[in-house]
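What follows is one structure encoded as structure tokens, with my remarks underneath.
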Amino acid sequence: MPFETLKPQVISILQKDAISVTDRLHEVCQLLSDHISYYDWVGFYFKNGDKNELKLRTYVGEETDHIIIPFGKGICGQVALSNENFIVPDVQAQDNYIACSINVKAEIVVPLFINGENIGQIDIDSETPDPFTEKDEQFLEFVNQEVAKIL
Ligand code: SME
């Protein structure tokens with residue numbers, strides 16, 4: 001399904017006031033993982049209180065041990081500090097990478113900002129080598145901007 005078709009669906013999930021924010025985020029993860037063939041694991045990490053670490057809030061995909069990720073560690077931890085999108089076409093070529101599953105080939109992490117502050121991120125793992133483009137970045141920036149409105 002093209003990104004433009006998914007955008008209104010993301011908005012309508014995020015508007016579901018009757019369910020918790022975490023449940024809405026989970027539905028967004030499910031939507032993306034169901035409709036984008038190369039999105040195999042989709043999750044949201046957020047800064048854990050005052051600590052310099054990320055905490056996994058919700059996800060869809062293979063179970064992971066990496067619920068807490070210190071800032072600076074792995075792709076996610078690097079994005080917490082850099083405030084920049086990070087596309088990894090080949091995870092095996094990365095030094096500072098935390099492996100969740102041997103099947104993962106590529107990853108994209110896009111930070112989520114509220115009033116210019118990096119407070120979390122969306123993280124996607126793919127079992128397809130080098131699948132991510134600028135279009136994914138733009139779409140995931142859109143998703144995060146919409147999520148920021150309900151936090
Ligand atoms: N691969 C990530 C860890 C999180 S998992 O992808 C769920 C990283 O290197 O930060």
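Tabulated values for the structure
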read-out: Tensor-based shape of the stretch 61-119 (alpha-carbon gyration tensor, a/c under 1.5 rounded, otherwise prolate or oblate); value: prolate
read-out: Amide H contacts under 5 Å for residue 72, placed H, 5+ residues apart; value: 77, 78, 80, 81
read-out: Amide hydrogen neighbours beyond the local backbone of residue 58, cut-off 5 Å, H modeled; value: 44
read-out: Carbon and sulfur %, accessible surface of the chain computed with the full protein complex present, 1.4 Å; value: 47
read-out: Residues of the chain: accessible area per residue with a 1.4 Å probe, Å²; value: 51
read-out: Residues of type lysines that residue 47 reaches as a straight line, Cα spacing below 23 Å, ignoring anything fewer than 8 places off in the same chain; value: 55, 73, 149
read-out: Helix-only mean residue ellipticity at 222 nm for the chain, each DSSP H run of n ≥ 4 adding -39500 (n - 2.57), per residue, nearest 500; value: -10500 deg cm²/dmol
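The values are calculated or read from the model by the stated rules, or taken from the named source; none is laboratory data. Quick caveat, the model's predicted, so the values are computed rather than measured. Note: accessible area is taken over every heavy atom of the protein model, side chains too, but ligands, DNA and RNA are not part of it. Shrake-Rupley method; radii C 1.70, N 1.55, O 1.52, S 1.80 Å.
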